[in-house]
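See structure below.
The values are calculated or read from the model by the stated rules, or taken from the named source; none is laboratory data. Every value quoted in this text rests on a predicted model; they were computed, and no experiment measured them. In this analysis, Cβ positions are derived from the backbone assuming ideal geometry, glycine residues included, and neighbour counts consider all displayed protein chains.
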Amino acid sequence: MSNGTDDMRGERFPWPHGATAAVLLTFDVDAESGVLWEFPDTARRLGIMSHQAYGPRAGLPRLLRILARHGARATFFVPGFTAEAHPEAVRGIVDAGHEIGHHGYVHEIVTELTPADEEAVLERGAEILERLTGARPRGWRAPMWELNYRTPALLAAHGFAYDSSLMDSDVPYRLATGSGPDAPTLVEIPPHWSLDDGEQYAWLPGIWDTAVIEGPDKLLRMWEMDFEATLAEGGCLVLTMHPFLSGRPARAAAFERLLERIVGTSGVWVATAADVADHVEALALEPVVHEPPPIDPSDLARRISPARSTDAPKEEQ
């Protein structure tokens, strides 16, 4: 497998305008869709639905005010169902000058879909966002960051410029959507679980009830350390937040403290995902080709433990 960052090994990634590093502020506006796909019965639970609706109704306006105070533009990944249920939230994001990205229809995990259903969901969400915003989304983020190996080619076929779901790099890269030399490419902008507020803040009874609700100070310190390391290495820090989580007052205040430091640090490019995609598209980077491991998943057990295979020789007594 080729590595699109090989040419950059030992060198600083070439950020624009003489920047040292890049920071992307991204928000997944899941709202009710964040639980409905995996837990459809929650549609009858008003408490759960109100918890999720806090995002577009209260958390999002607070976060938009914070971004405006610091002149920072962000990318908001929105499921189609969220856009239908809360069109005013989508319009508010656009009116504030931020980017809208695609995040499924009802936060479907696409590895559970047939190829036809995956394509139908992709197109349905894109049409809803285009109808509300007047522009087709240029980028996509997989719900739960789960992709099929066929997904990049599907995104390219539907006109997307970038994806932000894979986790194999500290900087963006060109992603080949097939193995042939003429296969179209996307720009991949890698996130990570440790830079997702859900891993620290998410808790719901009977849904995410094995977690511990952490305090904002813990998340702030974690992300401060990531920011420091990213700055030192000249990388790309992709923060992922959810308005129903990070939009609550104390958490939003912690985010604002971090944002103050980010925008106040010389050499940091605070960019939207589309801005980063445009920059990377213009670079002469060798595309990365992702291929499945050369093994049949059903054969894994036999390889790991040959004794479990029915045709394996029995041990002598």
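Mind telling me which of the residues ARG131, ARG91 ends up being on the phi < 0 side of the Ramachandran plot, in contact (Cβ under 8 Å) with a residue 40 or more places away in the chain, surrounded by fewer than 16 Cβ atoms within 10 Å (Cβ to Cβ) and not in a loop (DSSP other than H, G, I, E, B)?
It is ARG91.
State all residues of the stretch 259-272 that are surrounded by fewer than 19 Cβ atoms within 10 Å (Cβ to Cβ) and part of a helix (DSSP H, G or I); if no residue qualifies, say none.
Listed by number, the residues that qualify are GLU260, ARG261, VAL263.
Looking at this structure, is VAL35 crowded, with 17+ Cβ neighbours inside 10 Å and under 22 Å from ALA273 (Cβ atoms)?
no
Which residue is surrounded by the most Cβ atoms within 10 Å (Cβ to Cβ), if the candidates are limited to the stretch 60-74 and must be basic (Lys, Arg), outside any loop (DSSP other than H, G, I, E, B) and touching a residue at least 24 places away in the same chain (Cβ under 8 Å)?
ARG62
Is it the case that LEU239 is surrounded by 13 or more Cβ atoms within 10 Å (Cβ to Cβ), hydrophobic (A, V, I, L, M, F, W, C), more than 20 Å from the chain's Cα centre (by Cα) and not in a helix (DSSP H, G or I)?
It is false that LEU239 is surrounded by 13 or more Cβ atoms within 10 Å (Cβ to Cβ), hydrophobic (A, V, I, L, M, F, W, C), more than 20 Å from the chain's Cα centre (by Cα) and not in a helix (DSSP H, G or I).
Spot the failing condition for GLY4; the list is (1) in a helix (DSSP H, G or I); (2) modelled with pLDDT under 95, and only one is missed.
(1)
Looking at the stretch 75-88 only, could you name the residues that are in a loop (DSSP other than H, G, I, E, B) and either crowded, with 23+ Cβ neighbours inside 10 Å or without any contact (Cβ under 8 Å) to a residue 40 or more places away in the chain (or both)?
Of everything in the stretch 75-88, just one residue is in a loop (DSSP other than H, G, I, E, B) and either crowded, with 23+ Cβ neighbours inside 10 Å or without any contact (Cβ under 8 Å) to a residue 40 or more places away in the chain (or both), namely PRO79.
Take the conditions at pLDDT below 95 and surrounded by 15 or more Cβ atoms within 10 Å (Cβ to Cβ) and apply them to HIS290. Does it pass?
Yes.
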